[in-house]
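Worksheet: one structure, shown below.
The values are calculated or read from the model by the stated rules, or taken from the named source; none is laboratory data. Predicted model, so just to flag it, every value in this text is computed and none were measured. No Cβ is skipped: glycine too gets one built from the backbone with ideal geometry, and neighbour counts run over all protein chains shown.
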């Protein structure tokens with residue numbers, strides 16, 4: 001865990017997909033470090049048990065139910081932030097889905113010709129459009145020194161693109177491109193936009209055979225946040241777990 005001084009400063013840490021897996025583990029890391037967290041997930045009920053552990057709204061933790069496939073709901077959330085004058089120091093776009101082959105880890109089941117139009121659209125709405133709409137809604141509540149962190153995947157690495165999981169791979173590859181573009185868009189406001197690949201994480205999406213525990217991945221992401229907030233560098237960077 002990064003030391004507390006790395007996160008000194010005003011503002012809230014906004015985490016999407018916060019009810020389970022990597023998102024829930026990162027929320028716990030941030031809270032344990034003394035940071036204030038705004039946790040987002042699709043269902044309010046899920047936010048009462050972040051990662052299976054009960055949590056209550058407090059001065060350090062706020063929760064907000066938000067479906068990233070709902071642009072109108074995201075705009076309303078942005079208005080909610082501004083009305084309450086909440087300053088966001090860091091936005092972690094963590095929420096994502098892998099619907100290829102019904103989320104199967106079998107390559108034959110995740111072939112491109114078995115992908116339905118509905119699953120393709122839902123994947124892009126969650127993995128690409130949602131993060132973009134959220135940045136549009138949130139950036140006005142961020143000041144100079146703010147950080148946007150998009151959670152990507154090695155499956156979208158241009159050097160590692162292969163057969164299978166076409167919706168997930170291409171949506172994350174597009175998210176990588178979005179990271180680079182937004183880094184240029186927001187540079188004059190002093191807001192960094194970077195991407196993190198936490199590795200193959202043992203979550204509902206990653207499966208039980210994944211080698212990286214959510215707590216390990218969250219600790220690494222937590223460290224990246226501390227590093228980039230304490231020593232801002234060129235925006236548009238990509239960080240990979242284990243490298």
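The residue of region 146-181 that is surrounded by the fewest Cβ atoms within 10 Å (Cβ to Cβ), among those that are free of Cβ contacts under 8 Å to residues at least 12 places away in the same chain and over 14 Å from residue 237 (Cα atoms), is 159. Residue under question is residue 159, and the condition is that it be modelled with pLDDT under 95 and over 26 Å from residue 32 (Cα atoms); does it hold? The answer is yes for residue 159. Contact map, region 34-58: residues that are within 11 Å of residue 15 (Cβ to Cβ) paired with residues that are surrounded by 12 or more Cβ atoms within 10 Å (Cβ to Cβ) and modelled with pLDDT under 80, Cβ distance under 7 Å, separation 6+ or inter-chain. Pairs shown: 35/7; 39/50. Here residue 23 meets the list (1) modelled with pLDDT under 90; (2) under 17 Å from residue 226 (Cα atoms); (3) part of a helix (DSSP H, G or I) almost entirely, failing just condition (1). The set of residues from region 32-46 being within 21 Å of residue 213 (Cα to Cα) and touching a strand residue (DSSP E or B) at 6+ places or on another chain (Cβ under 6 Å) comprises just one member, 39.
Considering every residue within region 114-128, establish whether at least one is surrounded by fewer than 19 Cβ atoms within 10 Å (Cβ to Cβ) and either touching a strand residue (DSSP E or B) at 6+ places or on another chain (Cβ under 6 Å) or not in a helix (DSSP H, G or I) (or both). So far as region 114-128 goes, yes, one or more of its residues are surrounded by fewer than 19 Cβ atoms within 10 Å (Cβ to Cβ) and either touching a strand residue (DSSP E or B) at 6+ places or on another chain (Cβ under 6 Å) or not in a helix (DSSP H, G or I) (or both). Among the residues of region 86-104, those that are touching a residue at least 24 places away in the same chain (Cβ under 8 Å) and surrounded by fewer than 17 Cβ atoms within 10 Å (Cβ to Cβ) comprise 86, 87, 103.
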